[in-house]
Amino acid sequence: MLSYPVSSIAERQFIETFGLSESSTEKTFAMETLADRRFIGAVGLHGIDWINRHSALGIMIGDKQYWGRGYGTDAMRVLMRLAFDKLNLHRLWLHVYDFNARAIASYERCAFTREGVLREQRLFGHKYHDTIVMGILEAEYRALGDARA
Ligand SMILES: CC(C)(COP(=O)(O)OP(=O)(O)OC[C@H]1O[C@@H](n2cnc3c(N)ncnc32)[C@H](O)[C@@H]1OP(=O)(O)O)[C@@H](O)C(=O)NCCC(=O)NCCS
């Protein structure tokens, strides 16, 4: 959730340079619909720590009409496969605001666990909200078996 308006120039630049990064600690991917290959959002690993083998995870579907249709959960699972099966990471984590019930439901569906709470860290709508820390370990991912597909 952005705190400031985004200029059209910055937005265009984001789209044009999206996916061009050669950074070893940032891996971002476009999300497309299978049927018509429409670009609906992005998912990525941020600040990958190759020594301790963990990474933050971020996801965003820009077009609201694509929310709640399973795309986010699907993309999360693809990213988890990449992170644990190919990149040999040990842990993935993310921050989510307490009022983002859709995101929390999607992460729980992907077996992310609530690990902690950053109390009243977000001011939104004249009210302070908690930020929830969620994470999943490699062993928890492996224990999902067929359910991780
Ligand atoms: C968060 C986000 C990536 C989730 O992707 P999505 O495709 O919308 O989510 P899915 O359809 O895969 O799953 C949503 C889950 O929430 C549930 N859900 C849908 N609408 C809901 C709502 N209004 N309130 C609570 N739960 C809801 C669904 O039932 C589903 O759970 P289930 O699989 O157990 O039935 C997407 O909604 C998004 O990009 N939102 C805006 C940006 C954002 O919040 N990013 C995350 C920041 S931490």
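A short reminder: the numbers here are calculations on the coordinates, not readings from a lab. All of these numbers come straight from a predicted model, not from anything done at the bench.
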Margin query: Just to be sure I understand: with springs between alpha-carbon atoms less than 10 Å apart, which residue in Tyr107, Tyr128, Tyr66 has the highest mean-square fluctuation in the Gaussian network model of the chain?
Written below: Tyr128
Margin query: Suppose only helical runs count, i.e. DSSP H with n ≥ 4. What mean residue ellipticity at 222 nm does that imply for the chain under -39500 (n - 2.57) per run, divided by all residues and rounded to the nearest 500 deg cm²/dmol?
Written below: -7000 deg cm²/dmol
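Subtracting the Cα-Cα distance from 0.36 nm times the residue separation, let me have the gained length for Phe39 to Thr17 in nm, one decimal.
Gain on stretching Phe39 to Thr17: 6.5 nm.
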Item checked: Of Glu16, Glu26, Glu120, the one that fluctuates the most in a GNM where the chain has Cα springs shorter than 10 Å -> Glu16
Notebook entry, point to check: Between Arg114 and Leu144, what length in nm is gained on full extension when 0.36 nm per residue of separation is reduced by their alpha carbon distance?
Noted result: 9.1 nm
Checklist line | Square roots of five times the Cα gyration tensor eigenvalues for region 8-148, Å | finding: 22, 21, 17
